[in-house]
1. Lys/Arg Cβ at +1, Asp/Glu Cβ at -1, dipole of region 26-126 taken about the Cα centre: which of 33, 86, 64 is farthest positive-ward?
2. For the chain, what are the DSSP H helices with axial Cα length of 18 Å or more and mean Kyte-Doolittle hydropathy of at least -0.5?
3. Roll a 1.4 Å probe over the protein chains and send me the accessible area per residue for region 1-77 in Å².
4. At 222 nm, what value in deg cm²/dmol follows for the chain if DSSP H runs of at least 4 each add -39500 (n - 2.57) and the sum is divided by all its residues, to the nearest 500?
5. Let me know the charge dipole size of region 1-73 about its Cα centre in debye, to the nearest 20, where only the beta-carbon of Lys, Arg (+1) and Asp, Glu (-1) is charged.
6. Give me the dipole magnitude in Debye, nearest 20, for region 121-182 about the Cα centre, with unit charges on the beta carbon: positive for Lys and Arg, negative for Asp and Glu.
7. Note the full-extension length gain between residue 27 and residue 152 as 0.36 nm times their separation in residues minus their Cα-Cα distance, in nm to one decimal.
8. Taking each pair of distinct Cα atoms in region 112-182 once, what is the resulting Kirkwood hydrodynamic radius in Å?
Amino acid sequence: FKVLQCEIEYGKGNYDGALRMGQALVHEPLLSAGDRLRLLNNEGKVLLATRQFKKAEKLFAMNLSAATAGGFHRQAIVAMINIAVAKIRLGYYAQALRWLEKALDESRRRMMLREEAIAVENIATIHHLERAYQKALASYTASLGILKFLDCRELLARVANNIGELSLRFGDIENAREMLAL
């Protein structure tokens, strides 16, 4: 329950509170290994949100090592994706792409569709930042298809918004309107 509370504080934008709660909780002796990984992931997301990209990258790398050693496959994939996000924020697109391809391969191998969709979305983001708009649109569309299948509304809106922006760039007003409806 306390781990969820910490994640909620992050979601509300209370980064200091989320960080304090997480750092206090991580030392509790009865905390499960999975919850400890969730707390470290949350702390890394706080570091990303506060533009401490190098620190976030190191924390996600620690999380990846711990998740891999403990057999927490989903957390390991999430850590790979988050390392890539830190690399994107630092402008290291080629390195980020390599991490995302690893996460994508692993998520497909383990049939973890949500993580697959997130990895594909981040690949699209790299293409978008590199102004490879057709590739970005294709990747966003692939991610959107998975998210529709999963009925994952919180991520669906974000991807649909990016597709809408690209549709406007290409002059496809109807597709942009369709994305608004999602």
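The values are calculated or read from the model by the stated rules, or taken from the named source; none is laboratory data. The structure displayed is predicted, hence computed values, not measured ones. A quick note on method: Cβ atoms are made from the backbone with ideal geometry, for glycine too, and the neighbour counts reach across all protein chains shown. To get the accessible areas, we keep the full protein, side chains included, count just its heavy atoms, and leave off ligands, DNA and RNA. Shrake-Rupley method; radii C 1.70, N 1.55, O 1.52, S 1.80 Å.
1. Highest projection toward the positive end goes to 86.
2. Span-like helices in the chain: 33-49, 53-70, 73-90, 113-129, 133-150, 153-169.
3. 57
4. Result for the chain, helices only: -27000 deg cm²/dmol.
5. The calculation lands at about 200 debye.
6. Dipole about the Cα centre, nearest 20: 80 debye.
7. Gain on stretching residue 27 to residue 152: 41.7 nm.
8. Final number for the Kirkwood radius of region 112-182 is 11.7 Å.
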